[in-house]
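The values are calculated or read from the model by the stated rules, or taken from the named source; none is laboratory data. Since we're looking at a predicted model, the values are computed, not measured. Methodologically, a virtual Cβ is constructed for each residue, glycine included, from the backbone with ideal geometry; neighbour enumeration extends over all protein chains shown.
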């Protein structure tokens, strides 16, 4: 047993010392398998098309917010806008449903598009909403480092949810209450 430990120890050390790369292709493939298992075929197709373009997905952790196939079929999407569509339907960090539920109502989190923010609203029995879309299938991707949730519709963005971002580090901001 000790010999096995000594053989495996260097392997773990090498894995930890590697720098972060663009979205890990193995994780992306495993996440797409999870998406297929939950019938998000259209989103998988869009990711495959986008992933064939070099440097199209950003580095690090990501949470995808996926409309179902019926909702995707209603989107007027051009190849030139595919990257913006996918990135506007993602958050540049890992957020499981349990994380999203702890955000105060009206919390703004950045999408992966620098000037588009996502508003998180917990409507109790009506569910958790990201902008206009309700989370209908939480935590779809459980077998990879990528997080993804099925949503009820393609997201829309209000002009109030678009802000110029001046720094590369974005803090989660809470929108002030209107009186």
Within the stretch 18-55, the residues that are more than 24 Å from residue 151 (Cβ to Cβ) and either modelled with pLDDT of 90 or more or in a helix (DSSP H, G or I) (or both) are 25, 26
Output yes when any residue across the stretch 69-77 is closer than 17 Å to residue 43 by Cβ, at pLDDT 95 or above, over 18 Å from the mean Cα position of the chain (by Cα) and assigned to a helix (DSSP H, G or I), and no when none is. yes
Assess whether residue 155 counts as being buried (at least 19 other Cβ atoms within 10 Å of the Cβ), touching a residue at least 24 places away in the same chain (Cβ under 8 Å), assigned to a loop (DSSP other than H, G, I, E, B) and over 12 Å from the mean Cα position of the chain (by Cα). yes
Only unsatisfied item for residue 117, checking (1) surrounded by 20 or more Cβ atoms within 10 Å (Cβ to Cβ); (2) closer than 21 Å to residue 144 by Cβ, is (2)
Looking across the stretch 79-106 at residues that are in contact with a helix residue (DSSP H, G or I) (Cβ under 9 Å, 6 or more places away or on another chain) and more than 12 Å from residue 62 (Cα to Cα), the single one that is modelled with the lowest pLDDT is 79
Result of the Cβ filter at 6 Å on the stretch 123-140, keeping first residues that are loosely packed, with under 14 Cβ neighbours inside 10 Å and partners that are not in a strand (DSSP E or B), at least 6 apart or interchain, is none
Here the residues within the stretch 119-146 that are over 11 Å from residue 65 (Cα atoms), touching a helix residue (DSSP H, G or I) at 6+ places or on another chain (Cβ under 8 Å) and in a strand (DSSP E or B) are 119, 120, 122, 128
